[in-house]
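Report on the structure given below.
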Amino acid sequence: MVSWAAFGITGLGTFLADIISSALYRVDPNLAKFSLTSSFFWMIVLVTIGGLVLSSLKRGRALEGVGASKLGSLLLYLLIGTIGMKMDVTAIAQNPGLFGVGVLWMLFHAALVLTVGRIIKAPIFFMAVGSLANVGGAASAPLVASAVHPTLAPVGVLLAVLGYAVGTYAAYACGLLMSLAAPVT
């Protein structure tokens with residue numbers, strides 16, 4: 001049942017993504033500069049929406065009892081491993097400025113989490129889980145939460161899902177802002 005739901009939403013998202021992207025390209029080819037004619041973009045958006053809808057339905061939440069998180073974590077590890085196998089660590093030397101931007105971005109993230117956590121007087125636990133929910137996602141946030149106490153793992157899952165839901169759309173907006181700052185020629 002869990003596999004059916006996961007692959008069903010992904011398959012439907014992939015099918016609809018092709019239709020939406022080609023229709024938008026026919027309407028206005030200039031939308032390609034915003035990635036709106038990319039079927040991959042629409043697949044990610046539609047699968048995110050499908051996952052959020054499924055998690056809000058009572059029958060969707062019942063999938064947790066049959067191992068939805070374990071299957072999701074397994075598939076996430078598979079995805080991370082696949083991405084890692086394609087990575088070339090020596091490419092950092094070709095453009096160290098991008099690596100520097102990543103370091104700066106993580107320092108900003110840490111400073112923001114610590115500052116907001118101090119302002120709202122949040123326990124270190126919430127800062128750590130919230131940070132990993134944004135950076136590491138659903139694979140690492142529940143692990144940190146359950147390290148404090150096993151009953152807190154759902155808090156990590158909740159923060160990670162919220163991070164995915166907001167992050168999908170925030171990353172798109174961030175990409176648009178970055179393309180405005182440094183237009184690709």
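The values are calculated or read from the model by the stated rules, or taken from the named source; none is laboratory data. Every value quoted in this text rests on a predicted model; they were computed, and no experiment measured them. So basically every Cβ, Gly included, is an ideal-geometry build from the backbone, and we count neighbours across all protein chains shown. Remember, those area values only see protein heavy atoms, side chains included, never the ligands or the DNA or RNA. Shrake-Rupley method; radii C 1.70, N 1.55, O 1.52, S 1.80 Å.
Descriptive notes on the structure:
- Anisotropy class of the range 104-185 from Cα gyration tensor, a/c 1.5 cut: prolate
- Helical runs (DSSP H, four residues minimum) scored at -39500 (n - 2.57) apiece and divided by the length of the chain put the mean residue ellipticity at 222 nm at -25500 deg cm²/dmol.
- Rounded to the nearest 20, the Cβ-based charge dipole of the chain about its Cα centre (Lys and Arg +1, Asp and Glu -1) stands at 360 debye.
- At least 30 Å along the helix axis (C-alpha) and Kyte average at least 1.6, DSSP helices within the chain: 96-119, 153-181
- Ordering of 86-93, 38-45, 5-12 by packing [mean C-beta count within 10 Å, highest first]: 38-45, 5-12, 86-93
- Taking only protein heavy atoms and a 1.4 Å probe, the accessible area of the chain is 76% carbon and sulfur.
- The alpha carbon gyration tensor of the chain gives principal lengths a ≥ b ≥ c with a/c of 1.5 or higher and a/b no greater than b/c, which makes the shape oblate.
- Estimated at 0.36 nm per residue, the fully extended path between residue 59 and residue 165 surpasses their Cα-Cα distance by 36.2 nm.
- Residue ranges 105-115, 161-171 sort as 161-171, 105-115 when ordered by packing (mean number of other C-beta atoms within 10 Å per residue, highest first).
- Cα gyration tensor shape for the range 117-162, rounded if a/c is under 1.5, else prolate or oblate: oblate
- Point-to-point label distance, residue 7-residue 121, nm (Cα→Cβ direction, 7 Å offset): 5.2
- Per residue, the chain exposes an accessible area of 70 Å² to a 1.4 Å probe, with every protein chain left in place.
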